[in-house]
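Scroll down for the structure; my scribbles are underneath it.
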Amino acid sequence: MVRPGPSRVRVRVEGIVQGVGFRPFVHALAREYDLAGFVGNDTGGVFVEVEGDGDHLSAFVTDLSQRAPTLAQVERVTTEAVPRTGQPGFAIVTSVTGAAREALISPDTATCPDCLADVADPTDRRHGYPFTNCTNCGPRFTIVTDVPYDRRATTMADFPFCADCAAEYTDPGDRRFHAEPVCCPACGPALRLVDADGVPAVGDPVDVAVRWLRDGRILAVKGLGGYHLATRADDERAVSALRARKRREEKPFAVMAADLRAARALVHLTPAAVRVLTGARRPVVLLPRRAHAPVAASVAPDNRDLGVMLPYTPLHHLLIGRLGMPIVLTSGNTSDEPIAHRDDDVRQRLARIADAYLFHDRRIHVRTDDSVVRVFRGRELPVRRSRGYVPAPVTVPWRFDRPVLACGAALKNTFCVAKGRRAFVSHHIGDLENYETLCAFTEGIEHFSRLFDVRPEIVAHDLHPEYLSTKYALQRDDVELVGVQHHHAHVASCLADNGERGPVIGVAFDGLGFGPDGTLWGGELLVADLIGFERVGHLGAIPMPGGVAAIREPWRMAVAYLDEIYGDAVPDLEVLRRHERRWPVMVALARSGTNSPRTSSAGRLFDAVSAILGLRDRVTYEGQAAIALEQLAHRDERGGYRVEPAGTAPLADVGRELVRCVVDDLVSGVDPGRIAARFHHGLADAVVRAAEAVRERTGLASVALSGGVFQNVLLLDRVVGGLEAEGFRVLVHSRVPPNDGGISLGQAVVAAARHRGTPSS
Ligand SMILES: [Zn+2]
Ligand SMILES: [Zn+2]
């Protein structure tokens with residue numbers, strides 16, 4: 001690209017290249033290769049001109065992406081030869097602002113080793129300072145109020161630099177050169193600890209907070225994206241008090257461990273898990289817990305996994321370092337409300353939960369929850385994509401010709417704005433069921449549209465008329481509306497996650513989604529590309545007695561399945577005895593069809609089996625019965641129920657036949673752990689055979705797996721393994737969640753592809 005001999009090139013670098021130390025890096029690199037010229041930021045990213053020896057220029061351009069700073073994500077480097085000027089020296093020039101904005105904002109990032117060393121060094125002016133950061137680490141997305149990204153457009157605008165910080169900020173040789181949130185004890189935010197009555201604690205806030213934690217108190221601690229509730233993880237009394245006060249009955253709590261060694265005492269770690277756990281994004285990682293892990297039983301009741309994360313702010317490091325033991329760190333809210341993030345209402349919102357509050361005076365502009373991932377075959381399998389990941393775009397190898405907004409689903413909502421080759425999937429908004437989450441949703445859309453300069457011309461939405469996200473879409477004026485079927489969106493999100501367009505065989509297994517025929521889908525076999533889909537198979541539809549009540553009470557699904565299979569001759573099972581009194585009413589309800597819509601949902605099949613095995617008759621959070629079933633399954637069981645494929649309707653009989661096998665084994669006294677494993681294996685094998693039937697008919701040999709049910713790694717592993725053994729290429733999620741948190745991405749790519757009218761270029 002660059003010829004030998006002295007010459008000059010103009011270079012453009014696109015991606016996450018601002019606020020991450022890219023200009024000082026370029027400056028140092030130019031010196032290393034003895035090149036003259038300049039570097040600066042503009043609305044499109046970073047611009048560079050360099051002049052000097054041709055070989056050096058080539059090496060310089062290569063290194064721009066290969067040796068980029070930790071937080072940079074270089075998407076594209078383009079070069080153009082320009083006339084030489086002969087001007088000596090290399091300079092960092094003033095940023096250029098303009099109308100079109102292409103520059104990206106980095107996600108919030110875990111404290112880097114250099115900053116940790118500063119905090120630990122008694123001679124450093126930031127010794128013990130909980131807000132230490134630099135160009136390689138610290139808050140970003142959660143403090144950005146506007147664009148272009150500089151200090152004035154962050155909540156750090158409240159804190160004018162002291163002379164020392166100003167000197168670091170303006171010195172290209174300094175690690176804090178143009179680190180917008182840079183600060184120190186003299187000029188930056190400060191901690192404040194108060195008890196439940198608002199009385200300030202006497203002494204160092206961190207020391208007192210540590211003492212109170214050690215005593216088993218529950219502290220509200222202001223973090224990056226919101227308030228956490230913290231208490232020591234080994235104290236059953238404290239953890240069960242936290243559960244009771246939060247009104248969170250069973251959903252597992254995450255635990256923060258001081259470091260890898262402390263994490264290793266809690267869970268089993270693979271090299272891939274270590275990579276994710278210690279990476280700059282610091283999600284909660286769900287990992288198999290050790291038999292004698294020193295955590296209270298109430299942290300994750302009846303769960304063989306534990307959600308673990310490592311500290312990601314200096315405050316976490318200080319608290320846990322001094323406490324010397326893991327803490328429960330869970331979102332600061334009551335049951336399903338959004339996480340508290342504002343100082344003015346936190347004491348009211350957490351009044352019945354927290355014994356004390358550890359405040360600081362840096363405002364949180366965007367509320368973001370901790371991200372949650374599993375690790376599958378060495379890669380991340382996102383469960384909740386939020387803090388640390390957002391707003392890094394999901395890039396795709398085609399263009400969104402017109403700006404798109406996709407509104408997502410109802411539960412685990414995210415939205416997505418897209419233009420060019422980038423889809424900006426939002427932080428986790430939550431379940432769009434109350435006014436506060438709806439506000440977070442609409443305000444979030446405004447914020448993203450401004451930050452990324454996307455004025456949507458196409459607005460995509462789910463087909464469900466009652467979703468608040470659908471209603472929001474329908475109210476938008478002057479846009480082209482595109483309705484996207486829920487499970488098509490799932491499969492499309494998996495395609496986009498993998499940078500592909502299809503067509504593929506898509507397996508979308510989840511709780512529920514609105515079908516174009518007006519029934520509730522959820523165990524779907526599709527042939528799909530980004531534009532459209534054909535429903536080539538699905539689990540046989542079963543009534544949901546009482547409608548949504550059947551979601552909260554999985555035993556109702558057991559009634560429905562058992563009635564479909566056995567009619568009036570249901571075997572004498574525990575589940576029947578437990579619900580003897582209401583059983584006939586439920587059977588009548590199911591048969592009448594009154595308030596009992598039929599569904600092909602895979603999630604409801606898991607519910608039925610879970611209830612039949614006596615695991616869950618009622619659930620307190622989505623997916624709980626299915627998780628219990630996955631947890632119960634014996635890992636050494638190799639057998640699986642064999643369901644013969646039903647000719648032209650693959651999957652149609654699978655649910656009923658699997659339940660029949662479960663009942664047979666249960667009646668013969670087989671251990672429920674083995675039954676759970678055989679059920680998983682049987683369902684997975686049925687999926688593989690269904691895919692084979694579709695391949696025979698269509699010639700398609702790629703399969704995309706999506707939907708919340710595929711968060712179940714026992715099922716996922718068996719399906720992927722089975723498909724690969726049969727010669728399929730398998731696409732799974734690694735950038736967005738397979739659950740409804742990934743729906744908005746799928747909607748966005750479908751809407752764009754439909755508008756374009758071809759499977760895109
Ligand atoms: Zn740092
Ligand atoms: Zn300062």
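Write down the Kirkwood hydrodynamic radius of the stretch 512-669, to one decimal in angstroms, obtained as one divided by the mean of 1/r over all alpha carbon pairs.
Working: mean 1/r = 0.0618 Å⁻¹.
Kirkwood radius, the stretch 512-669: 16.2 Å.
Summing Lys, Arg as +1 and Asp, Glu as -1, what charge do residues with Cβ under 13 Å from the Cβ of residue 582 carry, residue 582 excluded?
Details: positive: 556, 577, 578, 581, 618; negative: 553, 580, 617.
It works out to a net charge of +2.
Can you give me the Rg/Rh ratio for the chain, using Cα atoms for both radii and the Kirkwood formula for Rh? Could you put the intermediate results ahead of the total?
Details: Rg = 27.3 Å, Rh = 27.6 Å.
My calculation of the ratio gives 0.99.
Determine the shape class of the stretch 207-318: with a ≥ b ≥ c the square roots of the Cα gyration tensor eigenvalues, call it rounded for a/c under 1.5, and otherwise prolate if a/b is greater than b/c, oblate otherwise. Write out the running numbers ahead of the final one.
Values: a/c = 1.67, a/b = 1.17, b/c = 1.42.
Note, shape of the stretch 207-318 comes out oblate.
Give me the number: length gained by fully extending residue 442 to residue 717, i.e. 0.36 nm times residue separation minus the C-alpha to C-alpha distance, one decimal in nm.
On the way: separation 275, 0.36 × 275 = 99.00 nm, distance 3.75 nm.
Extending this stretch completely gives an extra 95.3 nm.
Can you figure out the FRET efficiency of residue 240 with residue 84, using R₀ = 56 Å and their beta-carbon distance, to the nearest 0.05?
On the way: r = 73 Å, r/R0 = 1.30.
For R0 = 56 Å, the calculated efficiency reads 0.15.
Quick one: if the Förster radius is 25 Å, what FRET efficiency do residue 157 and residue 204 give, using the C-beta to C-beta distance and rounding to 0.05? Walk me through the numbers before you get to the answer.
Values: r = 28 Å, r/R0 = 1.10.
It comes to 0.35.
Just check the stretch 370-523 against the gyration tensor rule for me: Cα atoms, a ≥ b ≥ c as the square roots of the eigenvalues, rounded for a/c under 1.5, and otherwise prolate or oblate depending on whether a/b exceeds b/c.
rounded
Check cross-link reach from residue 251 to the lysines: straight Cα distance under 28 Å, and skip same-chain residues fewer than eight apart.
Within reach: 222, 412.
Under 20 Å Cα-Cα from residue 471, which aspartates and glutamates qualify once same-chain neighbours fewer than 8 residues away are excluded?
Residue 471 reaches 431, 433, 436, 443, 446, 457, 462, 480, 517, 740.
Can you give the log10 of the normalised intensity I(q)/I(0) at q = 0.16, 0.23, 0.26, 0.27 Å⁻¹, computed with Debye over equal Cα scatterers of the stretch 1-82?
Evaluating at q = 0.16, 0.23, 0.26, 0.27 Å⁻¹ gives log10 I(q)/I(0) of -0.50, -1.06, -1.35, -1.45.
Where does each of 644, 630, 32 land when they are ranked from fewest to most other beta-carbon atoms within 10 angstrom? Provide the component values of the computation, followed by the final result.
On the way: 644 10, 630 22, 32 13.
Listing 644, 630, 32 from fewest to most nearby Cβ atoms yields 644, 32, 630.
Taking N as the number of residues in the stretch 585-636, what value does Rg over Cα atoms divided by 2.2 N^0.38 Å take? Could you put the intermediate results ahead of the total?
Working: Rg = 12.9 Å, N = 52, 2.2 N^0.38 = 9.9 Å.
Compactness ratio reported: 1.31.
Viscosity 1.306 mPa s, temperature 10 °C: what is the translational diffusion coefficient of the stretch 43-96 from Stokes-Einstein with a Kirkwood Rh over Cα pairs, rounded to a whole number of µm²/s?
Numbers: Rh = 13.0 Å.
Value of D from the Cα-based Kirkwood radius: 122 µm²/s.
Test of understanding: ordering 435, 149 by Cβ neighbours within 10 Å, fewest first, what list do you get? Provide the component values of the computation, followed by the final result.
Working: 435 8, 149 22.
Lowest to highest Cβ neighbour count: 435, 149.
With viscosity set to 1.567 mPa s and temperature to 4 °C, compute the Stokes-Einstein D of the stretch 420-511, Rh being the Kirkwood radius across alpha carbon pairs; µm²/s, no decimals.
Details: Rh = 14.8 Å.
Rounded, D is 87 µm²/s.
For the Cα atoms of the chain, what angle does the longest principal axis make with the long axis of helix 555-566, in degrees from 0 to 90, nearest 10?
40
Hey, rough spin-label estimate for residue 55 and residue 576, points 7 angstrom out along Cα→Cβ, what's it come to in nanometres?
It is 8.5 nm.
Taking the Cα atoms only, what angle lies between the long axis of helix 314-323 and the longest principal axis of the chain, rounded to 10 degrees?
Taking Cα atoms only, the helix is inclined about 70 degrees.
If you add up the charges near residue 259, with Lys and Arg at +1 and Asp and Glu at -1, over every other residue whose beta carbon is less than 14 angstrom from its beta carbon, what do you get? The partial results should precede the final answer.
Numbers: positive: 261, 264, 282, 322; negative: none.
It works out to a net charge of +4.
By how many nm would the segment from residue 147 to residue 114 lengthen if fully extended, with 0.36 nm per residue of separation less the alpha-carbon distance? Before the final figure, lay out the partial values.
Details: separation 33, 0.36 × 33 = 11.88 nm, distance 2.81 nm.
Extending this stretch completely gives an extra 9.1 nm.
Express the relative contact order of the stretch 580-663 as a whole percentage, based on alpha carbon pairs under 8 Å and six or more residues apart in sequence. Write out the running numbers ahead of the final one.
On the way: 41 pairs, mean separation 16.6, N = 84.
Rounded, it is 20 percent for the stretch 580-663.
Using a/c under 1.5 as the rounded threshold, could you call the stretch 578-692 rounded, prolate or oblate? The axes a ≥ b ≥ c are square roots of the C-alpha gyration tensor eigenvalues, and prolate needs a/b larger than b/c, oblate otherwise. Working shown, then result.
Details: a/c = 1.71, a/b = 1.19, b/c = 1.44.
Here the stretch 578-692 falls in the oblate category.
Could you size up the charge dipole of the chain around its Cα centre, putting +1 on the beta carbon of Lys and Arg and -1 on that of Asp and Glu, and report it in debye to the nearest 20? Mind dumping the intermediate values first?
Working: 90 positive and 94 negative charges, 83 e Å.
Result for the chain is approximately 400 debye, rounded to the nearest 20.
Can you tell me what share of the DSSP beta bridges in the chain is antiparallel? A percent to the nearest 5 is fine.
Details: 79 of 107 bridges.
Expressed as a percentage, antiparallel bridges in the chain total about 75.
Quick check on the exposure proxy: order 596, 702, 65 from fewest to most C-beta atoms within 10 angstrom. The partial results should precede the final answer.
Working: 596 22, 702 19, 65 15.
Neighbour counts put them in this order, fewest first: 65, 702, 596.
Taking 2.2 N^0.38 Å as the expected size of a compact globular protein, what ratio does the Cα radius of gyration of the stretch 603-761 give against it, to two decimals?
Details: Rg = 17.2 Å, N = 159, 2.2 N^0.38 = 15.1 Å.
Dividing the Cα radius of gyration by 2.2 N^0.38 Å gives 1.14.
I'd like the distance separating the alpha-carbon centroids of the stretch 334-402 and the stretch 125-199, in whole Å.
Measuring centre to centre over Cα atoms gives 20 Å.
Please list, in order along the stretch 166-182, the HN-Hα scalar couplings obtained from phi with the Karplus expression 6.51 cos²θ - 1.76 cosθ + 1.60 (θ = phi - 60°), rounded to whole Hz, x for Gly and Pro.
Per residue, the Karplus-derived 3J(HN,Hα) values read 4, 5, 5, 5, 9, 9, x, x, 9, 5, 9, 4, 6, 7, 4, x, 4 Hz.
So for the chain, taking the charge dipole from beta-carbon charges (+1 Lys/Arg, -1 Asp/Glu), which of 268, 532, 184 sits furthest toward the positive end?
Going by the Cα projections, it comes out as 268.
What percentage of all Cα-Cα pairs in the stretch 176-271 are separated by more than 22 Å?
Working: 2137 of 4560 pairs.
Tail fraction, whole percent: 47.
Can you compute the FRET efficiency between residue 664 and residue 125 using 1/(1 + (r/R0)^6), with r the Cβ-Cβ distance and R0 = 56 Å? Round to the nearest 0.05. Write down the numbers at each step before the final one.
Working: r = 72 Å, r/R0 = 1.28.
The calculated FRET efficiency here is 0.20.
What are the semi-axes of the equivalent ellipsoid of the stretch 86-232, taken as the square roots of 5 times the eigenvalues of the Cα gyration tensor, listed largest first and rounded to whole Å? Could the numbers behind the result be given before it?
Numbers: eigenvalues 230, 69, 34 Å².
Whole-Å semi-axes of the equivalent ellipsoid: 34, 19, 13.
Defining a contact as two alpha carbons under 8 Å apart and six or more residues distant in sequence, what relative contact order in percent does the chain show?
Details: 1774 pairs, mean separation 84.2, N = 761.
Relative contact order here is 11 percent.
Could I have the simple spin-label model distance between residue 91 and residue 259, label points 7 Å from Cα toward Cβ, reported in nm to one decimal?
In this crude label model, residue 91 to residue 259 measures out at 4.6 nm.
Pop a pseudo-label 7 angstrom from the Cα along the beta-carbon direction at both residue 335 and residue 649 and give the gap in nm to one decimal.
Result for the modelled spin labels: 3.9 nm.
Could you tell me the distance between the Cα centroids of the stretch 403-457 and the stretch 671-730, to the nearest Å?
The stretch 403-457 and the stretch 671-730 have Cα centres spaced 32 Å from each other.
Whole-Hz ³J(HN,Hα) for each residue in the stretch 686-700, computed from phi via Karplus 6.51 cos²θ - 1.76 cosθ + 1.60 with θ = phi - 60°, x for glycine and proline: what do you get?
So the Karplus estimates, Gly and Pro as x, are 5, 5, 4, 5, 5, 5, 4, 5, 5, 4, 4, 7, 10, x, 6 Hz.
What does the net charge come to around residue 49 if you take all other residues with beta carbon closer than 9 Å to its beta carbon, with K and R at +1 and D and E at -1? Walk me through the numbers before you get to the answer.
Values: positive: 8, 10; negative: 51.
Net local charge, residue 49 excluded: +1.
If you fit an axis through the alpha-carbon atoms of helix 486-497 and take the longest principal axis of the Cα set of the chain, what angle between them do you get, 0 to 90°, nearest 10?
Long axis of 486-497 versus the principal axis of the chain: about 40 degrees.
Using the C-alpha gyration tensor of the stretch 236-375, what are the square roots of 5 times its eigenvalues, in whole angstrom, with the largest one first?
Numbers: eigenvalues 120, 67, 39 Å².
After scaling each eigenvalue by five and taking roots: 25, 18, 14 Å.
Each reported figure results from applying straightforward, stated rules to the coordinates on display, with no laboratory input. Predicted model only: the values in this text are computed from it and were never measured. Quick reminder, even Gly has a Cβ in these numbers, built from the backbone with ideal geometry, and neighbours come from all protein chains shown.
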